[in-house]
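Here the structure is laid out as structure tokens; the discussion comes afterwards.
Just so it is clear, none of the values below were taken in a lab; they were calculated from the coordinates. On a predicted model such as this, the values are computed, not experimentally measured, just so you know. Quick reminder, even Gly has a Cβ in these numbers, built from the backbone with ideal geometry, and neighbours come from all protein chains shown.
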């Protein structure tokens with residue numbers, strides 16, 4: 001079991017490294033919109049043919065009309081491809097210049113077939 | 001049977017004969033389109049031009065149940081449109097009225 | 001397959017993609033795949049006041065299954081060619097499909 005523990009620690013170390021290094025290495029942050037209207041930002045750590053994606057250092061952005069945008073940390077997240085509406089590349093300068101505490105908006109509507 | 005004739009053997013033949021004609025399309029979400037049909041495929045993906053979309057919106061009336069709300073029609077025009085087939089309920093050939 | 005080919009001819013055109021959550025995204029069509037997933041560059045959300053969620057997003061990948069409409073420039077398609085290809089396409093399909101022998 002100790003060998004497994006090694007993996008866990010390395011995983012955690014890699015994640016920490018990612019968080020620290022991603023702004024330095026210009027690793028692109030992405031914004032993912034889900035079918036239920038949720039908005040998640042994170043670093044694209046991987047994806048596959050079915051557009052399943054792995055996001056590291058991810059946060060959910062919760063929008064509301066009478067409160068500032070709340071960012072809820074989610075950490076390492078696997079999002080199933082069929083739940084995804086859109087994946088957008090974030091312009092980090094523009095994102096940094098937007099003060100989320102000033103933003104008020106309705107949550108995005110869910111997809112309705 | 002001669003299947004190469006212009007006769008109608010199966011549902012899609014009806015749509016094929018509507019190419020370059022104005023058709024009526026009913027969509028999910030209380031939407032309707034009229035427009036000239038230019039292309040379609042087996043998923044009922046469509047490409048149409050000179051499209052007019054009508055959306056039915058039920059405005060809730062104060063103190064009345066939802067089913068008795070007033071109905072509004074919102075119209076919109078688009079010159080060339082791809083319509084994804086999964087939203088299509090029916091395609092009707094040009095009316096002969 | 002026909003529609004996929006049509007979209008391929010529309011690359012580098014400005015299109016308006018309407019999603020099934022009523023979001024309208026204008027952008028330059030960069031690529032499309034067989035599922036009609038779409039890549040848009042230089043995107044702009046209509047009604048950005050109501051939908052500021054993507055203000056910092058410059059390009060995106062849209063899943064084909066969530067698309068309701070794509071508005072395309074009328075002069076970018078040859079409608080005659082489209083109709084001919086559609087007629088040919090359906091006949092071609094019948095010929096190759098064992099359920100519908102000639």
Original post:
Going 7 Å from the Cα of residue B:55 toward and past its Cβ, which residues in segment C:1-25 have a backbone nitrogen under 14 Å from where you end up?
Top reply: C:17-25
Original post:
How high is the relative contact order of chain B, given as a whole-number percent (alpha carbon pairs under 8 Å, six or more residues apart)?
Top reply: 30 percent
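Using the per-residue mean of other Cβ atoms lying within 10 Å as a proxy for protection, in what order, highest first, do the peptides A:53-62, C:32-41 fall?
Working: A:53-62: 19.5, C:32-41: 17.1.
Top to bottom by mean Cβ count within 10 Å: A:53-62, C:32-41.
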Original post:
What percent do you get for the relative contact order of segment C:2-74 when only Cα pairs under 8 Å and 6+ apart count?
Top reply: 34 percent
Original post:
Beyond 16 Å, what percent of the Cα pairs of segment C:2-74 remain?
Top reply: 43 percent
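Which order do the peptides C:10-19, A:66-75, C:51-60 take when ranked by the mean count of other beta-carbon atoms within 10 Å per residue, highest first?
Result, highest mean first: C:51-60, C:10-19, A:66-75.
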**OP:** For segment B:35-94 and segment C:35-49, write down the distance between their C-alpha centroids in whole Å.
**Re:** 21 Å
Original post:
When Cβ neighbours within 10 Å are restricted to other protein chains, what is their mean count per residue of peptide C:3-10?
Top reply: 3
Subject >> Spin-label pair residue C:35/residue A:82, simplified geometry with 7 Å Cα→Cβ offset, distance in nm >> reply: 1.1 nm
Original post:
Put a dot 7 Å past each Cα toward the Cβ at residue A:95 and residue B:43; how far apart are the dots in nm?
Top reply: 2.9 nm
**OP:** Evaluate peptide C:14-23: per residue, the Cβ atoms of other protein chains within 10 Å of its Cβ; return the mean as an integer.
**Re:** 5
Original post:
With labels modelled as points extended 7 Å from the Cα through the Cβ direction, what inter-label distance (nm, one decimal) is found for residue B:14 paired with residue C:24?
Top reply: 3.2 nm
Subject >> Peptide-level mean, for C:28-36, of C-beta atoms on other protein chains within 10 Å >> reply: 1
